[in-house]
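Here's the structure, in structure tokens; my notes come after.
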Amino acid sequence: MDGGDRVSWYTFDKDSYWGLAGSVTKQTDAHQLKAGFDYQKWTSRRFSVALSSIRSAIKYTYPELDAVYQRYYNSEISQDQILDELLKKAATLEDGDGSTKDLQTLMRVNSSADFFGYDEFGREVDSSSDKLQEPRFPVLGSAYLQDKIEYKDLIINAGLRYEYFYADSWRFVDPGTPKRDATNFTMVIEDSTGTYMKRTRKFNELSPRLGFSFPVSDMTVFHAQYGRFSQMPAMRDMFTGGALLAIELGGQNYIRFPTAFDIKPIRTTQYEIGFEQQFTDFASFDVTGFYRDVKGQLQIIKADLSPAAVDVGAYSYYQNGDFATTKGLEFVVKLRRVNRLRTELNYTLSDARGTGSSENEAISGVENATNLPTVISPLDYNETHRGNMYVDYRFGANEGGPVLKNAGANLLLRFTSGHNYTLSTGSIAQRGPDEGGILADDDPRSRKPLESINSSKTPWTFELDLRLDKSFTFMGTEAGVYMYVQNLLNRKNVINVYDRTGNAEDDGFLTNPDLSSQIVAASGGETYVQLYEAINLENRQHYWYDQGGDLFGEPRQIRFGLKFSM
């Protein structure tokens, strides 16, 4: 969004929960038994509406409401005020027959509204004839039992965890035959012809955990771990009001983030095996191999509609499907403090591969009816090399005299080998002239890869941080001062690149006349070029807006602080 633009969407969410948790521990000679539980019941509500769409819906039918919007357009009232006044007035406005039904329908059809736990005018509701408009009450529960066994030099950690997930949302009985209520602009749950939607299922998961360690010699310790873990994807992906579902299943719109129906927990299985070796009285290293398998990640698919579907167009939705595996080695070298100096080195060599880096990885194939990605490729977040080196030099309470006692300095060097991306091309498609030719993930339908998926990598990154601190006693209280310098050398790290060019300085728009010449000529010529370079290339405005995040790491930052310990 350009500076000075009015925010056309207004959204507020209300989430609350009550919960109960507890645990108990019992220690014996060889066992430490621990049992516990956690229970949470949530209440989730959402109201989201496009103000400009409301105006287009009511402009001619309800001029009283349009007058409220005009006050906002003339900057007489703020965005918060227009919503309050607009919805308050809309909620009390009556048609000629003494009802607001027509206005409610207009709000549903023309405002691109998504609401549950609220009515069309933003008023909180707990029940409704449209069950998709009611609040959602998801439940999360867990219980666990674990035992730490210490027998001579052998240490075993064994446990079992039970988890319960209930999203309290809705799913189609048959995704190929949903029924849409085009009159009231919602989905049909049940009618005289049959049942089309049911509540989401409840899921119960059992996850075992096992770890053990034992000495191989007086200088070497072997360790291994195994565990299964379960978690739900963001359950709010399933929480969509009936009005928005009617838009999604209308078949005439591009929906970037469709609804997930009846998704299952994501299941992760993890293995680790390694050993720790002490090679001097003050130094040791640890080598650990790991393997992590994740199944059931969300992916987008297109519904296979049956001719029996009523008032429904082609629609997409999220389901479980993608998987990812990560394997690698971790190295840790530790040198405990000797002559005031302590050092630690961490390095990870890893390889992350899978069928999709995000739930929208296949959206282009879905929308263009082409092949979906099924080949296992490096994931977007794969970083082959990652590590850090920490050096700390510190004076004790009886060292360094009055100035340096209890003072210290440490340096932290962090490095990565960059992450994977795919060199691509494509038309501008529906991008505006202010966005240029950026190929962003919010609408990849026109993007075409020029190589195998994620064959390229961003550059290595390096960052050096410095911290200086000193502790002292102030009026009987432990206190301290510190200075923290992030990115001490002010290195300009490239953390992302433009897919068209593979660098962070040129998005490939102005330098390609086939993409930009007509837009430049129609948008002010050289003035447009200067604005585009300043706003988009130097300040990365279009990348921030369309892709999110930045192309470069944080510049140097200096912080000073004072702390007290009570």
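Inspect the stretch 532-543 for any residue being open to solvent by 30 Å² or more (accessible area, probe 1.4 Å), assigned to a loop (DSSP other than H, G, I, E, B), modelled with pLDDT of 95 or more and on the phi < 0 side of the Ramachandran plot and give the result as yes or no. Scanning the stretch 532-543 turns up no residue that is open to solvent by 30 Å² or more (accessible area, probe 1.4 Å), assigned to a loop (DSSP other than H, G, I, E, B), modelled with pLDDT of 95 or more and on the phi < 0 side of the Ramachandran plot. Of all the residues in the stretch 307-340, those that are loosely packed, with under 15 Cβ neighbours inside 10 Å and modelled with pLDDT of 95 or more number 1.
A single member of 348, 343 is modelled with pLDDT of 95 or more, assigned to a strand (DSSP E or B) and over 25 Å from residue 497 (Cβ atoms), and it is 343.
Filter the stretch 422-436 down to the residues that are under 24 Å from residue 381 (Cα atoms) and part of a loop (DSSP other than H, G, I, E, B), then identify the one that is most open to solvent (accessible area, probe 1.4 Å). Here the residue is 423. Considering the stretch 11-53, the residues that are among the acidic types (Asp, Glu) and more than 30 Å from residue 243 (Cβ to Cβ) include one that is most open to solvent (accessible area, probe 1.4 Å), namely 29.
Taking first residues from the stretch 255-268 that are over 15 Å from residue 238 (Cβ atoms) and in contact (Cβ under 8 Å) with a residue 24 or more places away in the chain and partners that are part of a strand (DSSP E or B) and polar (S, T, N, Q), the Cβ contacts under 6 Å between residues at least 6 apart in sequence or on separate chains come to 267/230. For the stretch 190-211, a residue qualifies if it is part of a loop (DSSP other than H, G, I, E, B) and open to solvent by 30 Å² or more (accessible area, probe 1.4 Å), and the qualifying residues are 192, 193, 196, 201. Taking first residues from the stretch 297-315 that are among the acidic types (Asp, Glu) and partners that are surrounded by 16 or more Cβ atoms within 10 Å (Cβ to Cβ) and in a loop (DSSP other than H, G, I, E, B), the Cβ contacts under 8 Å between residues at least 6 apart in sequence or on separate chains come to 304/175. Taking the criterion of being more than 22 Å from residue 344 (Cβ to Cβ) and either basic (Lys, Arg) or surrounded by fewer than 17 Cβ atoms within 10 Å (Cβ to Cβ) (or both), the residues of the stretch 358-400 that qualify are 358, 368, 369, 370, 371, 374, 375, 376, 381, 397, 398, 400.
Those residues that are crowded, with 18+ Cβ neighbours inside 10 Å and modelled with pLDDT of 95 or more, I need them from the stretch 276-291; list them, please. Hit for the stretch 276-291 is 288, nothing else. Against the conditions (1) open to solvent by less than 20 Å² (accessible area, probe 1.4 Å); (2) within 28 Å of residue 373 (Cα to Cα); (3) outside any strand (DSSP E or B), residue 264 satisfies every one except (1).
Selection of first residues in the stretch 548-566 that are of a type in the set (D, E, K, R) and of second residues that are part of a loop (DSSP other than H, G, I, E, B) and open to solvent by 30 Å² or more (accessible area, probe 1.4 Å), restricted to Cβ pairs under 8 Å at least 6 apart or on distinct chains, gives the following pairs, ordered by first then second residue: 550/495; 550/496; 550/540; 556/488; 556/489; 556/490. Among the residues of the stretch 292-306, those identified as open to solvent by less than 60 Å² (accessible area, probe 1.4 Å) and either closer than 24 Å to residue 354 by Cα or under 23 Å from the mean Cα position of the chain (by Cα) (or both) are 293, 294, 296, 297, 298, 299, 300, 301, 303.
Within the stretch 473-513, if we keep just the residues that are part of a strand (DSSP E or B) and polar (S, T, N, Q), the residue that is most open to solvent (accessible area, probe 1.4 Å) turns out to be 473. Which one is farthest from the chain's Cα centre (by Cα) among residues in the stretch 514-531 that are open to solvent by less than 40 Å² (accessible area, probe 1.4 Å) and not aliphatic (A, V, I, L, M)? Among those that are open to solvent by less than 40 Å² (accessible area, probe 1.4 Å) and not aliphatic (A, V, I, L, M), it is 525.
Listed by first and then second residue, the pairs linking a residue in the stretch 428-447 that is on the phi < 0 side of the Ramachandran plot to a residue that is acidic (Asp, Glu) and open to solvent by 30 Å² or more (accessible area, probe 1.4 Å), with Cβ atoms under 6 Å apart and 6 or more places separating them unless they lie on different chains, are 439/499; 445/367. From the list 228, 236, 267, 209, the one residue that fits, being charged (D, E, K, R), within 20 Å of residue 138 (Cβ to Cβ) and at pLDDT 95 or above, is 267.
Specify the residue that is most open to solvent (accessible area, probe 1.4 Å); the eligible residues are those in the stretch 147-159 that are among the acidic types (Asp, Glu) and part of a strand (DSSP E or B). Within the stretch 147-159, the match that is most open to solvent (accessible area, probe 1.4 Å) is 150. Against the definition (within 30 Å of residue 173 (Cα to Cα) and assigned to a strand (DSSP E or B)), how does residue 274 come out, yes or no? So residue 274 fails the test.
When the residues of the stretch 212-233 are filtered to those that are open to solvent by less than 60 Å² (accessible area, probe 1.4 Å) and in a loop (DSSP other than H, G, I, E, B), the one that is farthest from residue 250 (Cα to Cα) is 232. When the stretch 405-414 is filtered for residues that are open to solvent by 40 Å² or more (accessible area, probe 1.4 Å), on the phi < 0 side of the Ramachandran plot, touching a Lys or Arg at 6+ places or on another chain (Cβ under 9 Å) and in contact (Cβ under 8 Å) with a residue 40 or more places away in the chain, the ones remaining, listed by number, are 411, 412, 414. Note on the stretch 160-189: among residues that are open to solvent by 40 Å² or more (accessible area, probe 1.4 Å) and in contact with a Leu (Cβ under 9 Å, 6 or more places away or on another chain), the one that is farthest from residue 135 (Cα to Cα) is 160.
Here residue 470 clears all of (1) in a loop (DSSP other than H, G, I, E, B); (2) within 17 Å of residue 411 (Cβ to Cβ); (3) modelled with pLDDT under 95 except the condition numbered (1).
The values are calculated or read from the model by the stated rules, or taken from the named source; none is laboratory data. If you're wondering where the values come from, they're calculated on a predicted model, not measured in any experiment. Methodologically, a virtual Cβ is constructed for each residue, glycine included, from the backbone with ideal geometry; neighbour enumeration extends over all protein chains shown. The accessibility values were calculated without ligands, DNA or RNA, using every heavy atom of the protein model including side chains. Shrake-Rupley method; radii C 1.70, N 1.55, O 1.52, S 1.80 Å.
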